[in-house]
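Note sheet for the following structure.
Taken together, the values in this text are just the output of simple stated rules run on the coordinates, not laboratory data. Note that this is a predicted model, so its numbers are computed, not measured. Here the Cβ positions follow ideal geometry from the backbone for every residue, glycine too, while neighbour counts run over all protein chains shown.
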Amino acid sequence: MSLGHALRRIIEEYPLARLDPPAGHPLASVIRKGAPEELRAALAPIDGPFLVKGSPGRGSHWAAIPWLAVFDPAITTSATRGYYLVYLFPAHREAVHLSLTQGTVAAIRNHGPAAASAHLRASGAALNARLSDFADALPNATIALGSAGELPEGYEAAHILGLTYDLPDLGDERRLHRDLAVAVAAYRALKARGGLDLPRSDGTA
């Protein structure tokens, strides 16, 4: 299995898999183990360290939007806080987004559910501007996931930049690896340029 094949399996099989319990389901294993292994292999030529995790959901519930994430342990080891790279699988189309994104749960806790989305969108737009030199390679300033709910809508709001693959794109393994390397470079550039710290309205950091 290659990275592209793993991503394709999740896209194609997830809608039907959700009709069965996730416990012991082969696709849940792909998301938790198989796909992360392929992603680690794709990251191998890039100096790490990286922590890779995949989530099909929790307990007896499938996630509305499954994900496969890359964390720099010096920044975060969790999708709830900090910022990280993630493959997100929208509910309304056969595609996958590669997104440099912000942790949503921490924003919800810090700002409240009503204000978190606006905070994340404003922060994401400012961080996107901070990474303007990556705009050609990672052109998507927004993403749509086609699912209502606090977390899917939070993922949309938290997006900083990235790109989207339709199913035919996933056959080009070299492109997937090349794009991943660029996304890691953007991730590291954001870290070097101050991370999530943004100037306040009075001009101070």
Computed on Cα atoms, Rg of the range 54-161 relative to 2.2 N^0.38 Å comes out at 1.01
Computed on Cα atoms, Rg of the range 90-147 relative to 2.2 N^0.38 Å comes out at 1.25
Quick calc, the chain, dipole around Cα centre from Cβ unit charges on Lys, Arg (+) and Asp, Glu (-), nearest 20 debye, gives 480 debye
Taking the alpha-carbon centre of each part, the distance from the range 11-34 to the range 126-173 in Å is 23 Å
Evaluated at 37 °C and 0.692 mPa s, the Stokes-Einstein D of the chain based on the Kirkwood radius over Cα pairs, in µm²/s, stands at 191 µm²/s
Under the helix-only model (-39500 (n - 2.57) for each DSSP H run of 4 or more, divided by the residues of the chain), the mean residue ellipticity at 222 nm, to 500 deg cm²/dmol, is -12500 deg cm²/dmol
Here the net charge surrounding residue 10, from other residues whose Cβ is less than 13 Å away from its Cβ (Lys, Arg +1; Asp, Glu -1), is +1
Compactness check, the range 1-58: C-alpha Rg relative to the 2.2 N^0.38 Å globular estimate gives 1.19
In nanometres, the difference between 0.36 nm per residue of separation and the alpha-carbon distance of residue 94 and residue 148 is 17.7 nm
Once residue 46 and residue 132 are pulled to full extension, the length gained, defined as 0.36 nm per residue separation minus their Cα-Cα distance, is 28.7 nm
